[in-house]
Amino acid sequence: MHSVVAFTDTYLPTVNGVTYTVHSWRDRWQARGGRMDVVYPDADGYEPENGEYPIRSLPFPFYDGFRFGLPRVPRAVRNVDVVHAHTPFALGLGGLRLARREGLPFVVSYHTPSSEYASYLTSRRRLEDGIERLSESYERWFLGHAAAVVVPSEATRDDLRSRVGDDVGISVVPNGVDVDRFRPVDATAFRDRHGLSDSDTLVGYTGRHGYEKCLSDIIDAAAGLDATVVFGGDGPAREHLEATARERGVDARFLGFLDREELPAFYSSLDAFLFPSPVETQGLVALEANACGTPVVGVDRGALSNTIEEGVTGYHYDLGDTEGFRAAIERTLDETAELERRCLDRRESLSVEHAVDRLADVYDAVTGSGA
């Protein structure tokens, strides 16, 4: 098994899709006898394990909870076969520096289009457009140094290829779901703990509350439905969401950050998971919900067009179509039992083990070995 070092701008104790992917891949890789070190921004609340190297970091002023790690390479990182960057910024540049200095294969995971976050830097449309163009130009430069670019879905591969061309080798490696953890569970204790009635119909979302995820569309679609909307997680858009729910008279509960151990019960408590984000590169939380038997109603845009199987694991609606969103929720609630069965039939295909199998193929290809 190859020795790998991963550079990431987000890691524990922060919980998000990138953190989960890096950590779960590391666990599985090391369980197979390989080595995967992780270089990440230091943060209070997490004690690093062997092979995890926190780097001095600073708060990022434009995005609460995100820390900016200095692009350094720890001296303890040595004797590796592959450098894998999970970010094009900060620590990703540290990974690129190491790969170029040592002549090592450089692999990049494309988790999020950086241009999507231009709105966090400015509210001026012309300046935002300029930042987006600059971000895309920078991405092309960074990805151009990669021996392989890893994306989590076919839709993301096609979108990225349309912007960077065919000179960059792109491989699809789904993030994968820990199906041992994410499975249907008895959610009674979870509902009781959070004051949610067993008799209520529950729909909801968990994850980062970012403006780019269009979460207010959930509030708009839920107006008039006989259902309680449950939000797990936190982020810069939370205050706006709470105010919107009050204005629309929607019964919405905001649970805040949920420990990862609580998520299977969260998903299992829902009758439908709602996902209006048009910027997903895979939509890992949708797959986690499906693994727990919960169907997903998601926007027919980006990776969610493929992540959700129409009429099998949930239903789609068109971006901006509030009535269509509401109708898709109602249809899902009418068919919950059948959709749950179909979701559970596909659990094993979502496994992180399959993802790590594909990751191993990528590492073998860039190193020119089958080791």
List every residue pair whose Cβ atoms lie under 6 Å apart, where the two residues are 6 or more positions apart in sequence or sit on different chains, the first residue falls within region 330-345 and is modelled with pLDDT under 95, and the second residue, located anywhere, is not in a helix (DSSP H, G or I) and not charged (D, E, K, R). none
Name the residue, out of Val203, Val150, that is under 17 Å from Ala355 (Cβ atoms), in contact with a Ser or Thr (Cβ under 9 Å, 6 or more places away or on another chain) and in contact (Cβ under 8 Å) with a residue 24 or more places away in the chain. Val150
What number of residues in region 181-219 are surrounded by fewer than 17 Cβ atoms within 10 Å (Cβ to Cβ) and under 19 Å from the mean Cα position of the chain (by Cα)? 3
Which residues, counting only those in region 292-316, are surrounded by fewer than 24 Cβ atoms within 10 Å (Cβ to Cβ) and outside any loop (DSSP other than H, G, I, E, B)? Ser305, Asn306, Glu310, His316
Yes or no: Arg161 of a type in the set (Lys, Arg) and buried (at least 21 other Cβ atoms within 10 Å of the Cβ)? no
Would you check which residues across region 329-355 are of a type in the set (A, V, I, L, M) and touching a Leu at 6+ places or on another chain (Cβ under 9 Å) and list them? Ile329, Leu333, Leu350
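The values are calculated or read from the model by the stated rules, or taken from the named source; none is laboratory data. Every value quoted in this text rests on a predicted model; they were computed, and no experiment measured them. Glycine also receives a Cβ, built like all others from the backbone with ideal geometry; neighbour counts cover every protein chain displayed.
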